[in-house]
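Notes for the one structure printed next.
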Amino acid sequence: MKPFSILLLFAAVLALLACTPHVTVDNSTVASLDLNRYVGSWYEIARFDHRFERGLSHCTAQYTLQPDGTVRVVNSGMKGGKAKESVGKAKTTDTAGLLRVSFFGPFYGDYRVLLIAPDYSYALVGSGTDDYLWLLSRTPIISVETKHLLLSEAARRGYDTSRLIWVKQTKP
């Protein structure tokens, strides 16, 4: 191989590595996930701050299984007294607990179920990077025990739980 070709190959590998998400947490998914039990309504209890939910309160997600096997995703919240909603879709993968979610055309991101209650009453959800974390519940308020369990699991996995924003869910 010519020196220029080697240099070009080396530059391409470096560029590829630079584009790889930096993951400092254990974002491995649950061993099994029953999608039929997971769909339905979820309340967002806490989240890491990110631009597409910044300033939102009373956040919920509604997941509906579609005939083609995809999941319709409707995220709702309140900002400045006005209702906000975003609609997307999720596709299953060969990995249990890993969905690919899109709100913007052909662009998909990881939705990783990190922990699920045996009765599917709460969940800890992450992504393909350490930038996203959600604590979800079927009810707008969780018990102290559930909060402690979710925070402990997130911390065990390496997430900085001090970054969590606790979402207002009670009526104004």
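None of the figures in this text is laboratory data; all of them are computed from the coordinates on show. Keep in mind that what you see is a predicted model, and the values were worked out from it rather than measured. As a convention, Cβ positions derive from the backbone with ideal geometry for all residues, glycine included, and neighbour counts pool all protein chains shown.
Computed quantities for the displayed model
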| item | result |
| --- | --- |
| Distant-in-sequence amide H partners of F48 (H built 1.01 Å from N, under 5 Å) | L133, I165 |
| Out-of-range pairs (alpha-carbon distance over 23 Å; input K82/K168; K82/K147; K147/K168) | K82/K147 |
| Structure-based [θ]222 nm, the chain - -39500 (n - 2.57) summed over DSSP H runs of at least 4, per residue, nearest 500 | -6000 deg cm²/dmol |
| Signed unit charges on C-beta, dipole axis of the range 24-166, positive-most listed residue G81, V144, V71 | G81 |
| Net charge dipole size for the chain [Lys, Arg +1 and Asp, Glu -1 on Cβ; Debye, nearest 20] | 520 debye |
| Gyration tensor (alpha-carbon) shape descriptor, the range 108-149, a/c threshold 1.5 | prolate |
| Hydrodynamic radius of the range 24-166 per Kirkwood, over alpha carbon pairs, in Å | 15.4 Å |
| Dipole-positive endmost among H50, L115, T29 within the chain (Cβ charges, Cα centre) | H50 |
| The chain: relative contact order as a whole-number percent, Cα under 8 Å and 6+ apart | 26 percent |
| For G105, net neighbour charge (Lys/Arg +1, Asp/Glu -1) across residues whose Cβ lies under 14 Å away | +3 |
| Restricting the range 41-140 to chymotrypsin sites (Phe, Trp or Tyr not before Pro) in coil, as DSSP defines it, with at most 10 other Cβ within 10 Å | F52 |
